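Undergrad: Before I ask anything, here is the structure I am working with.
Coordinate-derived values only; no laboratory data. As the structure is a prediction and not an experimental result, all values here were calculated from the model.
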């Protein structure tokens with residue numbers, strides 16, 4: 001089984017401007033009381049089991065939707081407040097061991113995620129980049145064929161984040 005370098009794979013990238021200050025948007029990604037209120041696909045409830053937003057730290061959470069339960073694990077490589085987060089994300093079991101995607105066995109086991117936060121005069125330009133880590137050729141092929149689904153999934157998460165940020169400011173989403 002040949003593994004592919006993440007440097008040679010086209011990254012998935014999505015951007016969005018949030019109507020909130022950069023510090024608040026960064027906190028929404030790095031504080032458990034915020035993270036669990038918006039993260040994940042629409043209709044998903046998130047229960048944070050472990051949350052350590054620091055280099056080497058882990059977020060371990062259970063995602064529940066439509067009666068299905070999934071576990072996720074993020075391992076931070078970089079935390080540069082309030083500018084940048086770099087972490088490896090994966091599906092996991094309830095003990096934190098890495099597992100396969102529950103609905104796509106050829107999905108890469110680990111994804112390198114880079115999130116940047118740029119101040120835009122009281123608003124925040126957030127850019128997210130995703131690329132497989134140590135992926136097989138079949139996993140890379142699956143990843144490259146899923147850009148439309150990833151765009152839709154992240155757009156839904158970003159809509160939830162926008163609504164949550166608006167609620168913090170006392171606005172109606």
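Undergrad: To the nearest 500 deg cm²/dmol, what mean residue ellipticity at 222 nm is calculated for the chain from DSSP H runs of n ≥ 4 alone, each contributing -39,500 (n - 2.57), summed and divided by the residues?
TA: About -7500 deg cm²/dmol.
Undergrad: Where does helix 147-168 land angle-wise versus the long Cα axis of the chain, in degrees 0 to 90, nearest 10?
TA: Helix 147-168 sits at roughly 30 degrees to that axis.
Undergrad: Using DSSP, restrict attention to beta bridges with both residues in the range 3-168 and report what percent are antiparallel, rounded to the nearest 5.
TA: Numbers: 51 of 51 bridges.
In the range 3-168, DSSP labels about 100 percent of beta bridges as antiparallel.
Undergrad: Looking at (1) 67, 53, 34; (2) 55, 38, 30; (3) 51, 35, 30, which value of Cα extents along the principal axes in Å comes from a calculation on the structure shown?
TA: (3)
Undergrad: When a/c reaches 1.5 or more, the comparison of a/b and b/c decides; with that in mind, is the range 115-173 rounded, prolate or oblate per its Cα gyration tensor?
TA: Note, shape of the range 115-173 comes out prolate.
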